[in-house]
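**Q** This is the structure, below, for whatever I ask next.
The values are calculated or read from the model by the stated rules, or taken from the named source; none is laboratory data. All values derive from a computational prediction rather than experimental measurement. Glycine gets a Cβ as well: all are built from the backbone with ideal geometry, and neighbour counts include every protein chain shown.
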Amino acid sequence: MTFLDRLGEVKQKEPNSPLQEEAWQQFLKCGLPTKKHEQYRYVKLRDLYERQLCFNPIEMPSFAEIEPHILPECKQMCLVFVNGRYCSKYSTVKDIDVYSLEEGHQTFGSFLQSQGRQEIKKERDPFLLLNGALNREGVFLYLSPNQTIDTPLQILHFVDGDGLAFPAIHLFAAKQSHMTVITTQAGENRGWINQSEHLYLEEGADIHWVQSAPDHCSAGWLFEGMRAQLKKESRLNVISASNGAKTVRHDYRVALNGENASASLQGAWILRDQREAHVNVLIEHNAPDTHSNQLFKGILYDHSRSSFEGKLYVDPIAQKTEAYQLNNNLLLSDDAVAYSKPNLEIFADDVKASHGATVGQLDSDELFYLKSRGVTEKEAAALLTQGFYHEVINQIPTQSLRKQWQ
């Protein structure tokens, strides 16, 4: 029985809405990716395709198992997902409207239906479509106009098992609203987490989104896909940090649809043993005076492996665009491998844009300088390594989470 057949069996056991059925049909049209697909060229798919598939059981852990993973700054602002499903029992949220996806479709049905159908038609990533077809008990977050949430909202994904977890999060940020969201992973994932995040930013909205996956189980897969639409003068700032896993993959598509919209995507991964991390980015500049910045840094030890593929697309209408893209990799083992493919697709003539990539080792002159000042070689290497990725890590807004990565 093929992987696709096993997915079909999983689907038959679960209830499906019309929108989920549309996502499934589009998934079948796209087909499963292979090594021939450029975006998955370096991802170990064969191991995933050989797995038996079923959703993780809905067994509720005790709150004592959950509580240590809630950030101190987020005690009163934390949404908990257990094995991919929203758990209201352990969630505490104030000042923001939280709906299950089912409730969201009842209250904001026309918006979610129209946006959902548009996204399904445009989506080319099979695993995002698969999440749309199979996600269960996701959430819809609504920020009111002019609303500012000062306390960060943590979304804690607790996964324990070797099955499937397909969480889905939708956020609508109304005009001039402001908020910080932090997604974290906990538990012992030995299976496959395939999660999606859909962000809709109205005029002047400002969203900071942090993705943190430290010490993810080396036997599991984590696929995290973000789709964001930004209107006039809205801002999105994304920071990700990961220690990798059997495979961690982040996939971003950000559409800057209004004048003066801006997006910043930054990430760092620190990989050891045979862990992997892969990043795929598409930023679309679809309006004049839009701005974007990408900075991704990787540190690789042992037999680890990473890949980065980023694209900046500038529409002919998007004059006066500013767009920058950079991927730096530090290899600290002869057996570590990093692939990088930044690229530009520009159809406007009044544009400031650049892209670049580096793959190298610690600078011998810098090591010599530190050693000449009495620092041991090991300490010097550690200082230079920390300095390399702290440019990203230091921008994590919550102190307790930032300390985990320092």
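**Q** Can GLU103 be described as within 27 Å of THR184 (Cα to Cα), among the charged types (D, E, K, R) and assigned to a loop (DSSP other than H, G, I, E, B)? I'd like the intermediate steps shown before the answer.
**A** Details: within 27 Å of THR184 (Cα to Cα): yes; among the charged types (D, E, K, R): yes; assigned to a loop (DSSP other than H, G, I, E, B): no.
No: the conditions fail for GLU103.
**Q** Moving on to the next point. Might you check whether a residue that is of a type in the set (A, V, I, L, M), loosely packed, with under 15 Cβ neighbours inside 10 Å and either within 24 Å of the chain's Cα centre (by Cα) or at negative phi (or both) occurs anywhere in the range 375-382? Explain how you work it out, then say what you get.
**A** Within the range 375-382, the subset of a type in the set (A, V, I, L, M) is 375, 380-382.
When the remaining residues are screened for being loosely packed, with under 15 Cβ neighbours inside 10 Å, the result is 382.
In the following step, the residues that additionally are either within 24 Å of the chain's Cα centre (by Cα) or at negative phi (or both) were identified as 382.
Scanning the range 375-382 turns up at least one residue that is of a type in the set (A, V, I, L, M), loosely packed, with under 15 Cβ neighbours inside 10 Å and either within 24 Å of the chain's Cα centre (by Cα) or at negative phi (or both).
**Q** Can you spot a residue in the range 350-369 that is buried (at least 19 other Cβ atoms within 10 Å of the Cβ), among the acidic types (Asp, Glu) and modelled with pLDDT of 95 or more? Don't jump to the end; show me each part of the working.
**A** Of the residues in the range 350-369, the ones buried (at least 19 other Cβ atoms within 10 Å of the Cβ) are none.
Within the range 350-369 (the criterion being buried (at least 19 other Cβ atoms within 10 Å of the Cβ), among the acidic types (Asp, Glu) and modelled with pLDDT of 95 or more), the answer is no, since none of the residues qualifies.
**Q** Cβ-Cβ distance below 6 Å, separation of 6 or more or different chains: which pairs start in the range 385-404 with a residue that is more than 14 Å from ASN237 (Cα to Cα) and end on one that is in a helix (DSSP H, G or I)?
**A** Every condition considered, the pairs that remain are THR398/GLU73; SER400/PRO72.
**Q** Let me ask you something else. Is it the case that ALA213 is over 23 Å from SER306 (Cβ atoms) and small (Gly, Ala, Ser)? Please lay out each step first, then the result.
**A** Values: over 23 Å from SER306 (Cβ atoms): no; small (Gly, Ala, Ser): yes.
Judged against the criteria, ALA213 is not a match.
**Q** Considering only the range 220-242, I want to know if a residue exists there that is within 17 Å of the chain's Cα centre (by Cα) and assigned to a loop (DSSP other than H, G, I, E, B).
**A** yes
**Q** Could you say which residue among LEU129, LEU199, LEU141 is in contact with a Leu (Cβ under 6 Å, 6 or more places away or on another chain), modelled with pLDDT of 95 or more and closer than 22 Å to GLU22 by Cα?
**A** Values: LEU129 fails: in contact with a Leu (Cβ under 6 Å, 6 or more places away or on another chain); LEU141 fails: closer than 22 Å to GLU22 by Cα.
Exactly one residue qualifies, and that residue is LEU199.
**Q** For the range 48-88, which residues satisfy the criterion of being closer than 25 Å to THR184 by Cα, in contact (Cβ under 8 Å) with a residue 40 or more places away in the chain and assigned to a helix (DSSP H, G or I)?
**A** Residues satisfying the conditions are LEU48, GLU65, ILE66, HIS69, PRO72, GLU73, CYS74.
**Q** Would the range 324-335 turn up any residue that is surrounded by 20 or more Cβ atoms within 10 Å (Cβ to Cβ), touching a helix residue (DSSP H, G or I) at 6+ places or on another chain (Cβ under 6 Å) and either closer than 30 Å to SER364 by Cβ or of a type in the set (Gly, Ala, Ser) (or both)?
**A** Yes, the range 324-335 contains a residue that is surrounded by 20 or more Cβ atoms within 10 Å (Cβ to Cβ), touching a helix residue (DSSP H, G or I) at 6+ places or on another chain (Cβ under 6 Å) and either closer than 30 Å to SER364 by Cβ or of a type in the set (Gly, Ala, Ser) (or both).
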